[in-house]
Each structure stands twice: as C-alpha cells, then as structure tokens.
1. If I model a spin label as a point 7 Å beyond the Cα along the Cα-Cβ vector, how far apart are those points for residue A:187 and residue A:213 in nm?
2. Could you give the radius of gyration (one decimal) and Dmax (whole number) of the Cα atoms in the stretch B:193-289, in Å?
3. Just to confirm my numbers, what's the Cα centroid distance between the stretch A:59-103 and the stretch A:539-591 in Å?
4. Please give the average number of partner chain Cβ atoms lying within 10 Å of the Cβ of each residue in A:344-354, rounded to a whole number.
5. For the ranges A:475-484, B:161-170, B:212-221, A:446-455, what's the packing order if you count other beta-carbon atoms within 10 Å of each residue, average per peptide, and put the highest first?
6. So, R0 is 35 Å and r is the distance between the beta-carbons of residue A:495 and residue A:517; what FRET efficiency does that work out to, to 0.05?
7. Note the count of lysine pairs whose C-alpha atoms are less than 27 angstrom apart in the stretch A:3-247, limited to pairs 8 or more residues apart or on different chains.
8. Along its principal axes, what span do the Cα atoms of the stretch A:3-247 show, with the longest given first and each in whole Å?
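Nothing in this text is a laboratory measurement; each read-out follows from the coordinates by a stated rule. None of these values were measured; they are calculated from a predicted model. Glycine gets a Cβ as well: all are built from the backbone with ideal geometry, and neighbour counts include every protein chain shown.
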Amino acid sequence: MTAENGKTREALLVARDVTRVFGGAYALSDASITLYRNEICGLLGANGAGKSTLSRIICGHLPPSSGELLFRGAPLAVGSAREALRSGIALVAQETNLAPDMSVLENIFLPSYGRPGRLSFGKLRREAQAILGELGHEHVLPLDMEVRRLSAAQRQLVEIAKALALNADLVIFDEPTASLSPTEVERLFEIMARLRDGGKALAFVSHRLEEVFAITDRVTILREGRTVAEDVPTAGLTQTDIIRHMVGRDIGNVYRRPPPAAGADDRPVVLEVTGLSAPPRVRDVSFSVRKGEILGLGGLVGAGRSESAEAIFGLRHRAGGRIAMGGREISPRSPIAAIGAGIGMVAEDRRRQNIIPDMTVGENLFLAQMGRHRGFGRGFAPRRKEAAALIERLGLPADRMDASLLHFSGGMQQKVIIARWLLIEPAVMILDEPTKGVDIGTRQAIYELLREVAERGIAVVVISSDFEELLGLCERIVVMSDGYTIADLPAARLTEESLTLLAAPRSSAERNARLLRELVAAHGGTAFWGLIDGDQLVCLTVAEGDGDASMGLSAGHVHAASDTRIPTALARRAPGLVTEADGRTTLLTRLSNRRGHDLGWIGLSLPPGRTIPDPEALAARMTTMFEQHQSEEIDA
Amino acid sequence: MSASNRSLAMPRFVSSLEFRMLGLAVALAIVLALISPHFFTERNLFNILDQSVVLGIVAVGMTLVILTGGIDLSVGSVAGFCGIVLAIFLKEALPIPVAIVLAVGCGALIGLLSGVLIAVFGLAPFVVTLGVMAIARSLAYIVSGQRSISGLPMGLQDIVYTTVAGIPVNVIFLLALYLATWFWLSYTKGGRTIYAVGSNIEAARAAGLNTLYYSIFPYVASGALAAVAMTFSLAQIMSADPIGGNQLELDAIAAVVIGGASLYGGRGSIIGTLMGVLIMVMIRNGLNLLGVSPFWQGTAIGAIIIIALLAERLITWRSRRI
C-alpha cells in the first residue's frame, strides 16, 4: 500500500536462495522472500511447500543448509533463536511453543527470562492485561492459569500475546487463525493492521485464502520448497491465481453441497444427545444426527463444542444428560465403551490426541481396530483387505506403511487418522476441526471423503470454527454458545454472516432466558430474542406467559416472517408498538453491546385484550435489563 | 524419503541400534579375550551366562516399564524380599515348585500395588517405586531376622545345573523369555499397546486401547520377574541374604538404556535390552578378570555407559542432519 503511494519501500528482511535439507529430502530449495516495513506479506503454499521451515529459519529455530539472510541490511546470525529475538524477530508458531506447566502470564513473558536484569511481576501483569485487552480476551484468559489447562485455541491466543509482548520489528504469524473464530480473527487482523501501520514488517502464513485477501498487501508463494511467485501485490490476484501457483494446477469448487436429499428426514436418527452437561464448559447440549447426514457443530472457540464431543466419547466426565445410539441409551465412561457403541472420534489436536509418534503409518492406521480386536494378536489380518482398499482410496503411499507417520504432511496424517476410524466402520463419526492446518488441495480430498463416508450411511458430526467450511460441507448446523446449543438449522438457510451473529459472544443464554421470563411475568404474552434477517426470524430464546396462547416460536429455529403471527412488526422493525391485523401488539427493541456489536432484537408480543404497557418505558426496561445482565457478566 | 534411501543402501537391521550394540558387545568380547587369557574359558563363559540370567530376567520387566514411560526402582529390593520369602517357604519344607510360585506371586502383588498407585491414582512412577524400594528392603530385613538364610534343599540347584543338549536350563529359560517377550511386544495387541501407552497415552486411550490395564501390567511383570530372577540367584548360591539384589535396579535400568530404550517411553526393543545385559555383564566380568579394584569398577561402568550413549547420540544426530 505504502509503495503505491510513492514512498520508498524499506526492506527489513531479505532471505535469498535459502535451502534446507532434512535427511536427504529438500524442505526448501533456493527459496527467497523479502519482507518490507509497513507491509503484511502473505506466505502461501500447499502443505509441505516449506512455509513453516522458511519461517523457522528466519526466526533462528533452524539453521539453513545454505543461503543468505539479511536483517536491516546486515547478515543475520542464523540458527540462534535468541539472537533473532534480540534483533527483533518474533514468531507466532503453528504448533504452539508454550511451557505447559507455567502460567499464562509467565508464558507471555517467557522470552524476557532470557534477558538479564530483574523481573517485576506487577509490571508484567499490567502489560499482559493490556495485551490481552487488545486481543479482547482479558476475561477469557486468566493470567494465572496453567497453560496445560487451556484449549488449543486459547493456547494460540497466548502464543500471539507472547509475540506482541516482544514488541518485535518483524513478526511472522504461522497459521495464527487455525483455531480462532471469525470475531477473534477480525480482532487479530485489526491488531496486525495496527502493527503494520506502526512501521513493522509482518509475514502471514495461512491456508485460508479469504484471510489472505483480507489482510495481506503482497504475497509470496512457495511450491515444493521453491519460490514460485515473489512479492506479488495481493490486489491484482484472484483466488484461482493463488491456487494455481500453490498446487501447479486448477482446482474446481472445493465445496459441493449435496442437494437436500428427498425424504432426508425419514432417515433414522443414529445419535441423539439430550441435555448433556459436563461442567464447566458444557451446560445443556442437545442435538441429533441422522444416518448418512453431515451435521456441523458451529460456534466460537470456547463454546464447549470439543468438550461436548469428548463428553460423548467418554473422555470427559458427564454431570448429566442422555446419550442414545440408535434409540438405545448409552453411558460411555471411556472411549472403549463409546467405540463399542459405534462412535468414532478424530480429536482436535492431531499431534497430542490422535497420533502415536513412535508408530508407523500402518500401526497408526490399525490402532482403533487393534483396540477393538478381542484376542491375543494385533487383529490386523482380518482387516487387511479393507485397509488396502482404504489406502488406495485415500491416495496414501502403500509402500510407505512402515515409515513414521510424522514424516508426512498434516493433510496426509489427518487422512490416516480418519481412515483409522473408517476401518472399524462406526455408526457415528465425530471430527473436531478436521481440516486444521491442512492445505486446500488436501482439504478438498477430506471433504470428498467425508461426503463419501456419509453416503455410505455413517452419521458424520463436524466441529469447525471455519464457518465457510461448515456451510459448504454440512446439511444442518447446530450452533453452540457458552455451553448451550442455541440453534439447529439447515445450512441452506444460513449465511456466514447469520452464523457469525448466532455464535457471537453474548451474555449467557441462561440469563437471557431469565430476562425474558421476567418480561413475560410482568406483562404476559410471549417474549423472544432473535435475529431478523431479511424476511426470516432466527429465534434464539423464547419465554411464554401462562394462560396465553402459544405464538409457535421455538428457540433455535428459523421462522419465515409470513409464517409468524407478527409479520407486520417483523417487517417494520421500528420503535413503538405495532398492531397486527388480528389485534396482537408487538414491541421490538434492537440490542447491541458496548462495542456496538449487533446482538439482534428483543420482542414482546401481547395477544389482543392484554393491557398495553407504555412502549417507551418498556423499551427502556428491555435495554437496561439487558445491559445490567451484561455488566454482571463482565464483572463476574 | 530418507528412510527408504537408507533402507535401500543396506538392510534395515544393519542400520539399527540393536545391531550397533551387538557390534559393541562382540568388540568388547574380543578386547577382553585379547587382554585376559581367562576370558574365553568355558568356566568363565558359563559364569557370564549365569550372571546374565539374573540381570537379564529383571531387565525384561524393566524394559516393559520403561517402554510405557515409567521406571521401576524397586526391583532390587523386591528381588531381595522375594528371595527371603522363598527361602523361608523352602525351610518350612514346602515343595519347591509351590514355594517358587508363592514367591513369584508375592513379587507380582507388590508390582500390582505400584502399578495401581501409578496408573489409577496418577502418582509419579519414580516416587512410588522409590517408596516400595525402601519398604521391600526393610521387610526383607525384618522377615529374615537380619540374617542370611542358608541350608536350602539341594533340589533347588536343579534349575541351574540341569542341562539340555549341554546348555543349562537357566540359560534356555532366559532365551525363551526374550524370544517370547520379543514376539509379544512386536505382534500382539498387548505388546503394541505398551508401546502406544509410552508414546502417547492420550491418543492411545482415544483410539480405544485399554491403557489402564497395560499401564499396570508392566509393574506386575517387573515384580514377578524380579522374584523369578532371585530364584535363579538362590539356586546358584544356595543361600538368601536380606541385602540380596542390592542395586540390581541400577544395572537393569543401565542395560535397558544401553539397549536403546528412551526413558520417555515408546521407544526401545527387547533385543536391544539383551545386548545391553550382555554388555553390562561382560564389563563387570572383564573388570574382575583384570583385577580392577571393586571400588574403581563403578567409575569404569558409569563411564562406559555414558560414553556408549554419547556415541549413539552423536551417530543419530549425524544421520538426522545429512
């Protein structure tokens, strides 16, 4: 941007002809990149293209086999992370580099431990609060909590805070958004833009092309360790251009949403979860998934989706709720029991929860089968034929079954883990962030695979923070917030915007329900809270007064305005009372939080004959009640 | 890519750690034979095998424990205690097989206690087995009345001095144990689960493996095998001493580590352990033959262990870098 304004561009870091060899294989061969002040450069490439290797070399985590690195015009001491930190180069790593037993605060300031002098914890605490405040997470990330107790996404936030704390001149973001929700990504982008405008040079590594377009000024693209496009202005590129550079060929539409099958709702329900609770993250979760259906579980990071999946799979203690498989109630206390009931799960953290690092590809593939096998041997033999077919179907190299799984790219590893479950033919498969850190080519293959799995009659539950992915892949989406399932909608009726709104942070659903009940208790009728999107009402919470006829609204459902009893009010969306043709009176009030974020509408609808309260007083009451609840939440 | 290149260049076994350790063992034997005329005598070779039996059996249990990422410091004391128990049962004129089964059961029970404390209650293996080590040794003194027990029935010697085709049965037992353990670790659900537990217990549990059972089992096996090893030791010296098996755990851990196992779990092999046992026993034997003072033997053994591991680390570093 700055260059186009006629200013000279100041190169902060120049990397020329960088080569890195790992045990005979070239991870990088003559790759080059230049990072300028006041610019965000996207570093792109498919999995295994060498983005992470290049980032790690720039940050001194790895020495290059050959090549030249200049920082501020002077040669950079390579292979020394400490030297790089001192010169002002920071990395937000993809696989988080945190000390799990230390607190959030200590992790944020870990690099300061390497500097001489006394540390003032009081000062660090204030700085940390300021940084987390910028990230909008001052309340979500307790500074004294041990990092091992955080979720993957929270760890990612700590990693970002750590890089910000360094106040470095050059910051490399290696897939920082992989486990963040859209709102968090937006906030991160604001920060990145601020850093750029403050004269810093930023590199942004991501698989999500829409993000690359949103934040980068220029891109450098790697393919198989070589730079295939260097320093190209983002503005002149299309998505297709980038993909062509990345994979060397064109790729069709990644998402192919299946047309809603006729009589889709006749398929039998396979897994039904009712009122599941597993404190503190999971409070009241209900959903069901049918045979052959792909169900999305959407929401923000921290909404309790992974925790729900773990509770269903027997990895987490359940405090209440009912889980039924094919109508029969089950109560798995361990994964063994859950697998026995026909559930398979690909957990979120591939390295920590799925892969056995010291085992070969083959053994990792057969792991679930071995666990289920009743007998003395490994139980491989009876499934060899199925395994061979799967290996071929997934494009896994059959001759490398004896190699370590860690030598493969993230996408390949994920395919093996998915195949592990397919081999035992579960009735339900839960996948937590299945395409995290997977490049676009492999992502497409995984989507295809999941569709095929569903077509075979397996019920698939996909947890994802990537709303585009959820909308493209799933037939139906259940949205979670604060540990509650708050909506259950067909994907066709949702857009990325409405999904973001549904999942947006808000005071907890329980308090909103209480607020609505208070309104109804005072005035009667029906109170509801929802989003109005075109001619649709997305209903979030409803309370109905005793003795009044039900309006037919139900929480978590989309109602066409014309099907409700209050079409006129929904169409007008104006302050003041609106009376329908049948005499029903409705008051709608718009809600927004302190940051001005839209939180939808709160409505009170009274049947004919009820005493009509003063509209202005009522509207004021609605907003103040809501604000009160909100500040309670923040103080809590 | 690197793996396949290398395996094309030479068979995988040649490049493996076990093979290098076998090479080290052979080299050691040659050196010892050159500097001491007594080394290659039949008497000394049988001596080496006898000593290998006791350490070798204990090292099998230790390998299983270390593969899960644990450690068992109690094997020496448990062996000593079970030796006393066995001697007392024999003095009570119980039939020899019954006495042995009871002593081995006693070792297994102690292992079960450690295993449950570690796997169910999540206590650190180092601490639990350290405690058990102190308890077992103290009980050995109390039960024996602080005296060694001799005058064991002569029939006990049969398990050492019987030979089949010229090979003593205790050596046959040792080889059979290693063969069975190798098969079990490589080709059965249980063995592979042990590796998975040590490599990534969380992933193993999520894949539906019985991680609880296979976290406890190695300690049971280790306790039972400590008692078995002590039985052979008793049969050789025909007396039980409450200090018996002292520091056996250190030799066993050293043998397993020399054999290439990672103390973090998940990596190692039983064949490597066998090599480690042979190397340990030959070093001790050689130092004795050369008349090195027992006080210097510790220094020599410690230095050799560290040098062997350092060399191994340097080799793997180089192969990783190029």
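1. 2.6 nm
2. Cα only, the stretch B:193-289: 16.4, 53 Å (Rg, Dmax).
3. 58 Å
4. Mean shielding by partner chains, rounded to a whole number: 3.
5. Top to bottom by mean Cβ count within 10 Å: A:475-484, B:212-221, A:446-455, B:161-170.
6. On the way: r = 31 Å, r/R0 = 0.88.
So the FRET efficiency works out to roughly 0.70.
7. Total qualifying Lys-Lys pairs in the stretch A:3-247 comes to 6.
8. Sorted largest first, the three principal extents are 47, 38, 35 Å.
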